[in-house]
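Right, one structure below, let's go through it.
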Amino acid sequence: MSKLITKGKVYIDGKWQNVNIFIKDGRFAYIGNDFLEAEEVIDAEGLKIIPGLIDPHVHFALYCGTVTSVDDFISGSKCAAYGGVTTIIDFLDPTRNAEELEQSFKERLALAEGCNVDYHFHSCIREPNGDLEEYVSMMKKLGMNTIKLFTTYSETHRRTYDKDIIELLKLTKKYNFLVTAHIENDELVSLKPEYPCTYIAEARPSECEISEALKLAGYAKETKGYLYMVHCSSGETLSQLVKQYGDILGKHFFVESCPQYFAYNKEVLNTEKGYLYTFAPPLRSKKEQELLIKNIDYVNTIGTDHCSFMSEDKKSHPMLVGHPLGIGGIESSFVVMHKLFGDKIIDKMTANLADLEGFSKKGRIKLGNDADLVFIKDVPEYPIGKPHGTCDYSIYEGIKVKEKIVHTMLRGKFILKDEEFLGGKGELINCDKEVKF
């Protein structure tokens, strides 16, 4: 069915334009001032329209050692629709070699059946015992452009060590992909059994992230490889990267952060319900939070690290060891970040991600692209409510905002209309263009 969207204020290439959008066969077929004949005309007067958001960092149905995250691909993607997210990127289970990688891909692909939005995966490596170039080739064969690794979690055999990190960075030049890293200094992490879960900021101090990020930035500069830091938590980390490696930021070293680190600091861990705000890396000091906000221009992308657990699951595991680390957030990410930073946040949640991932048809309102759209309405101030997925709480509940996502469209079809979830049929999307960093 062809659709014509009229009278909306449309975000195109960093500017707002009053144009009509004609959609045919799920793609943008015309953008301009003409009034084309269509089977359905949508009056968007009073609404802002932006590209469908891309969340590069979600963990749906993730087993964390004690509990499985409660939002699976069906409920999690329902939350995504309410948040204007039309493409999510989840992670394969960590694997050691190419053969395990292929099997992990098949298993995760089966879990994603029923996803309401489009989806993609990061490959994920741990303690590699096979040929790294073979691993990269398999990743490319499976349509992925990123290898996630951890510099910590040695206690659960998820860590990748420096020798292999350097080798992977060298390979990024030959195969044009991103090493995507959870960056913490494993030697500085302290997991004593007597620590309560709310002691996580002390158990995983800022220096864990700062020292390791600077070390890996040095590797990226030395090898001229390409590295993407996930969930940067500390403004001090970012500040030091700017001072010491500003010449490679946005060129060889890319930074992702998450709404939780801008919205909260570690003081909330000392409140009665501090156990609900536990994730890794943890919240930082108020000073580091303010420094992160100040340096937002050096953050390339925003992900949510959506990994939700029921409040009782959090409460019933009071000690740090065995505590389910993670929170939800995909539903509120845009309205929270847009309130803080305005329109500069849009590209960090759309175009920048499409470019880094190699999604040629996503991230922009552009002729030929998938017609993924978010319709936003300015409203009187109201507090964010409970999420629409499985999880029974959100740390963003109660934050007051002045806009609502009223419609979300995936490839020309409404999956959320008038704030009512209609459901959608997401598709696996692969990296289909050569990335030029």
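The values are calculated or read from the model by the stated rules, or taken from the named source; none is laboratory data. This structure is a prediction, so every number in the text was calculated from the model and none was measured. With ideal geometry, Cβ positions are generated from the backbone for all residues, glycine too; neighbour counts draw on all protein chains shown.
Yes or no: segment 211-227 includes at least one residue that is more than 28 Å from Glu357 (Cβ to Cβ), at pLDDT 95 or above, charged (D, E, K, R) and in a helix (DSSP H, G or I). Walk me through it before giving the result.
From segment 211-227, those more than 28 Å from Glu357 (Cβ to Cβ) are 211; that's our starting set.
Restricting the remaining residues to those that are at pLDDT 95 or above gives 211.
From what is left, the residues that are charged (D, E, K, R) are none.
Taking every residue of segment 211-227 in turn, none turns out to be more than 28 Å from Glu357 (Cβ to Cβ), at pLDDT 95 or above, charged (D, E, K, R) and in a helix (DSSP H, G or I).
For segment 238-317, which helices (runs of 4 or more DSSP H) that fit wholly inside it have 2 or more residues that are under 21 Å from His388 (Cα atoms)?
Details: elements: 259-263, 286-294, 311-315.
Output list reads 259-263, 311-315.
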Report yes if some residue within segment 161-184 is out of contact with any Leu (no Cβ under 9 Å at 6 or more places or on another chain) and among the small types (Gly, Ala, Ser); otherwise report no. no
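In segment 63-80, which residue that is small (Gly, Ala, Ser) and surrounded by fewer than 24 Cβ atoms within 10 Å (Cβ to Cβ) is farthest from Tyr119 (Cα to Cα)?
Residues of segment 63-80 that are small (Gly, Ala, Ser), as a first pass: 65, 69, 75-77, 80.
From what is left, the residues that are surrounded by fewer than 24 Cβ atoms within 10 Å (Cβ to Cβ) are 65, 75.
Numbers: Gly65: 25, Ser75: 14 Å.
For segment 63-80, the residue satisfying everything is Gly65.
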Looking at (1) assigned to a helix (DSSP H, G or I); (2) touching a Cys at 6+ places or on another chain (Cβ under 9 Å); (3) touching a residue at least 60 places away in the same chain (Cβ under 8 Å), which is the one condition that is false for His120? (1)
Test of understanding: among Glu127, Glu113, Glu99, which residue is part of a helix (DSSP H, G or I), surrounded by fewer than 21 Cβ atoms within 10 Å (Cβ to Cβ) and not basic (Lys, Arg)? Glu99
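So, restricting to strands (runs of 3 or more DSSP E) that lie completely within segment 1-54, which ones have at least 2 residues that are touching a Ser or Thr at 6+ places or on another chain (Cβ under 6 Å) and in contact (Cβ under 8 Å) with a residue 12 or more places away in the chain?
Result: 20-24.
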Any idea which residue in segment 330-359 is farthest from the chain's Cα centre (by Cα), counting only those that are part of a loop (DSSP other than H, G, I, E, B) and surrounded by 24 or more Cβ atoms within 10 Å (Cβ to Cβ)? Phe359
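Would you point out which residue out of Lys400, Lys386, Lys362 is touching a residue at least 24 places away in the same chain (Cβ under 8 Å) and either surrounded by 24 or more Cβ atoms within 10 Å (Cβ to Cβ) or among the basic types (Lys, Arg) (or both)?
Going through Lys400, Lys386, Lys362 in turn, just one is touching a residue at least 24 places away in the same chain (Cβ under 8 Å) and either surrounded by 24 or more Cβ atoms within 10 Å (Cβ to Cβ) or among the basic types (Lys, Arg) (or both): Lys362.
Do the conditions hold for Asn97, that is, is it without any contact (Cβ under 8 Å) to a residue 40 or more places away in the chain, under 28 Å from Lys163 (Cβ atoms) and among the polar types (S, T, N, Q)? I'd like the intermediate steps shown before the answer.
On the way: without any contact (Cβ under 8 Å) to a residue 40 or more places away in the chain: yes; under 28 Å from Lys163 (Cβ atoms): yes; among the polar types (S, T, N, Q): yes.
It is true that Asn97 is without any contact (Cβ under 8 Å) to a residue 40 or more places away in the chain, under 28 Å from Lys163 (Cβ atoms) and among the polar types (S, T, N, Q).
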Taking only pairs six or more apart or across chains, which ones have beta-carbon atoms under 7 Å, a first residue in segment 283-308 that is more than 13 Å from His231 (Cα to Cα) and not assigned by TED's automatic domain parsing to the domain that holds Leu249, and a second residue that is crowded, with 21+ Cβ neighbours inside 10 Å and of a type in the set (Asp, Glu)? none
